[in-house]
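Undergrad: Would you mind keeping the following structure in view while I ask a few things?
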Amino acid sequence: MPRSKHKDLDWIVAQLDWEGNCDRKFKDNHYLEPIPVADTRKEGFVDRWIVYGRIEGEQLFSAKELTVEPGVSCTITDKGAYGLLCVQGSGRINDQPLNSPKLIRFVELTEDEYFCTEDGALSGVTFENTSETEPLVVLRYFGPEVNPDAPQIGAHKKRRFD
């Protein structure tokens, strides 16, 4: 937001997509079925595409959700750099602590966000769920054109492992 607009409430409110936010068929028009990357459920983890496709031929961003069952470890490779957010559970990422916070107090540091470089993603990142009861769930967000192999919209009808 331009600095000159920081206090211009009319301008700020005008940035909202009112028509899109009031779409009575929002789910019908925007829902993407999660698509597993591979059939790994028997190994104790599932990596799914949750944001994919192209808008007017351009991939603006994409995202994957990794769920690792209690006591399981897996190594995941990706095509490029990504931001990571832990949304459930506790464990380790390449031997670093990884935890979804239950409560964050002002000025406290958390162990729920990481950035993975392209070299790291290509080499593989190891995720370990250290819980005895709760799944470890992380979201990985990729920038423009990082995942040329991301499914196209409608691909869920062709490839399901559930």
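Undergrad: Counting other C-beta atoms within 10 Å, and keeping those with at most 12, which DSSP coil trypsin sites (Lys or Arg not before Pro) do you find in region 14-52? Kindly include the intermediate steps, with their values, before the conclusion.
TA: Details: sites: R24, K25, K27, R41, K42, R48; in loops: R24, K25.
Loop-located and lightly packed - R24, K25.
Undergrad: Of G143, T117, F127, which is farthest towards the positive pole of region 57-162's charge dipole, taken about the Cα centre with +1 and -1 on the beta-carbons of Lys, Arg and Asp, Glu respectively?
TA: G143
Undergrad: Please give, to one decimal in nm, the separation of the simple spin-label points placed at T126 and Y31, each 7 Å out from Cα toward the Cβ.
TA: Placing both labels 7 Å along Cα→Cβ, they lie 4.0 nm apart.
Undergrad: In addition: Can you list which of the trypsin sites (Lys or Arg not before Pro) found in region 55-162 are DSSP loop residues with at most 10 other C-beta atoms within 10 Å?
TA: K102, R105, K158
Undergrad: Select from region 68-127 those chymotrypsin sites (Phe, Trp or Tyr not before Pro) which occupy a DSSP coil region and have at most 16 other Cβ atoms within 10 Å, ordered by residue number.
TA: Answer in residue order: F106.
Undergrad: Please return the longest stretch of the chain lacking exposed loop sites, where GluC sites (Glu not before Pro) count only if DSSP places them in a loop and at most 12 other Cβ atoms lie within 10 Å.
TA: Longest stretch, sites excluded: 1-55.
Undergrad: Roughly speaking, what is the stretch gain from D8 to R41, that is 0.36 nm per residue apart minus the C-alpha to C-alpha distance, in nm to one decimal?
TA: Here the segment from D8 to R41 would lengthen by 6.8 nm.
Undergrad: Which order do you get for W49, W18 if you rank them by accessible area with a 1.4 Å probe, largest at the top?
TA: Order by accessible area, largest first: W18, W49.
Undergrad: Post the alpha-carbon centroid distance, region 1-59 to region 73-96, in whole angstrom.
TA: Cα centroid to Cα centroid, the span is 21 Å.
Undergrad: Determine the calculated [θ] at 222 nm for the chain from helices alone, applying -39500 (n - 2.57) to every DSSP H run no shorter than 4 residues and normalising by the residue count; nearest 500 deg cm²/dmol. Before the final figure, lay out each step's value.
TA: Numbers: 4 runs with 21 residues, N = 162.
Rounded to the nearest 500, it is -2500 deg cm²/dmol.
Undergrad: Under the rule of at least 5 residues apart or a separate chain, name every residue whose amide H is placed under 5 Å from the amide H of Q59.
TA: Hits under the 5 Å cutoff: E145.
Undergrad: Using all Cα-Cα distances in the chain, what percent lands in each 5 angstrom bin from 0 up to the longest?
TA: In whole percents, the pair-distance histogram is 2, 8, 14, 16, 16, 15, 13, 9, 5, 2, 0.
Undergrad: Still on this structure, please answer the following. Would you mind estimating how fast region 68-162 diffuses translationally, via Stokes-Einstein at 37 °C and 0.692 mPa s with the Kirkwood radius over Cα pairs, in µm²/s?
TA: D, rounded to a whole number, is 224 µm²/s.
Undergrad: When the accessible area of the chain is computed with all protein chains present and a 1.4 Å probe, what percentage of it is carbon and sulfur?
TA: The C+S portion of the solvent-accessible surface of the chain is 52 percent.
The values are calculated or read from the model by the stated rules, or taken from the named source; none is laboratory data. The structure displayed is predicted, hence computed values, not measured ones. With ideal geometry, Cβ positions are generated from the backbone for all residues, glycine too; neighbour counts draw on all protein chains shown. Each accessible area value is taken on the protein alone, full model and side chains, heavy atoms only, with ligands, DNA and RNA left out. Shrake-Rupley method; radii C 1.70, N 1.55, O 1.52, S 1.80 Å.
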